[in-house]
Amino acid sequence: MRTVLLIFLSVILYPAFLVFFLPEPFAPDNVNSFLLRSIFHTSILTFFLLFLLFSRFRQYIFSVLDRPSVYIFKGFFAYLAFIPLMVPITLFTGYFLKAVGIQPSLQEIVRLYMDSDSGGVLTLVFISSCIIAPFAEEVIYRGIVYRAMKGRFPVSVSIILSAAFFALIHMELSSLPALFFLGLALAWLFEKHGNLWPSIGLHFFNNFFANMALLLLKTTDFVNLESLNL
């Protein structure tokens, strides 16, 4: 559990350090510049944690990353079952927040993505969200955090706790229920298969199709985001 605490503190304290001690360089005065800085510092934190975890748990991590070609597309089929449940959860969350007087909003990274005009920056956002994030977050949150919790709690409790940890760490109120549900599905897949690739696959396809939807919204008039009052 000390490793889980270290992960939690790293994810919380590093962004806090950037905000409180280096506020001006991280003000979103320029969308493309801000996205680049965000990707840079997210990458620093991600690779620091991966370096630490692979140094301490190398043999175990490689054992749950075995046979990717066999397992990764299990994540695609899980995504097909997952997405019909995700949509109503997301819609209900928006309606609920409005009902209690909270105006739901787009995730900051989504709004910046929609405002960016740089193909290179958008490509980096795609690589970060669809390649780096699925692999790194599954190693960290399922491979390590869930495993640590399972060492102290029953499987069902560990799945719930790790999903809550995963959702809260993203610090997005309007996305909290959807991220929690995604965390449940990812932990369940890891528990079922004893392999991280199905979870990585689900995470990848979820982020990939979200990026494709954003690209569609960005390049067409299919939906006007302002009309959604987000």
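One line per residue, one yes/no per condition, for (1) in contact with a Cys (Cβ under 7 Å, 6 or more places away or on another chain); (2) surrounded by fewer than 18 Cβ atoms within 10 Å (Cβ to Cβ); (3) of a type in the set (V, I, T):
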position: P134; (1), (2), (3): no, no, no
position: V157; (1), (2), (3): no, yes, yes
position: F165; (1), (2), (3): no, no, no
position: L176; (1), (2), (3): no, yes, no
position: L186; (1), (2), (3): no, no, no
position: L189; (1), (2), (3): no, no, no
position: G201; (1), (2), (3): no, no, no
Item to check | Close pairs from segment 32-47: first closer than 18 Å to V11 by Cα, partner surrounded by 18 or more Cβ atoms within 10 Å (Cβ to Cβ) and charged (D, E, K, R), Cβ under 9 Å, at least 6 apart | outcome: T46/E137
Item to check | Exclusive hit being free of Cβ contacts under 8 Å to residues at least 40 places away in the same chain, over 21 Å from H41 (Cα atoms) and either of a type outside the set (G, A, S) or touching a Ser or Thr at 6+ places or on another chain (Cβ under 8 Å) (or both), set L184, L189, L217, L176 | outcome: L184
Checklist outcome for this item: segment 81-164: helices (runs of 4 or more DSSP H) wholly inside it with 1 or more residues that are among the small types (G, A, S) are 119-127, 133-137, 147-150
Next on the checklist: Restricting to segment 165-188, name every residue that is outside any helix (DSSP H, G or I) and of a type outside the set (A, V, I, L, M).
Outcome noted: H170, E172
Checklist entry - Would segment 16-32 turn up any residue that is surrounded by fewer than 15 Cβ atoms within 10 Å (Cβ to Cβ), under 21 Å from the mean Cα position of the chain (by Cα) and modelled with pLDDT of 85 or more? => result no
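Sort through S63, S116 and tell me the only one that's of a type in the set (S, T, N, Q), over 16 Å from the mean Cα position of the chain (by Cα) and closer than 24 Å to T220 by Cα. Explain how you work it out, then say what you get.
Details: S63 fails: closer than 24 Å to T220 by Cα.
Sole residue among the options that is of a type in the set (S, T, N, Q), over 16 Å from the mean Cα position of the chain (by Cα) and closer than 24 Å to T220 by Cα: S116.
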Checklist entry - Out of all the residues in segment 47-70, is one or more hydroxyl-bearing (S, T, Y) and surrounded by 16 or more Cβ atoms within 10 Å (Cβ to Cβ)? => result no
Checklist entry - Residues of segment 174-201 being touching a Gly at 6+ places or on another chain (Cβ under 8 Å) and over 21 Å from Y60 (Cβ atoms), which ones? => result S174
Next on the checklist: Could you check segment 134-168 and list, in sequence order, the residues that are touching a residue at least 12 places away in the same chain (Cβ under 8 Å) and closer than 18 Å to T93 by Cα?
Outcome noted: A163, A164, F166, A167
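The values are calculated or read from the model by the stated rules, or taken from the named source; none is laboratory data. Keep in mind that what you see is a predicted model, and the values were worked out from it rather than measured. Using ideal geometry, Cβ is built from the backbone for each residue, glycine included, and neighbour counts are taken over all protein chains shown.
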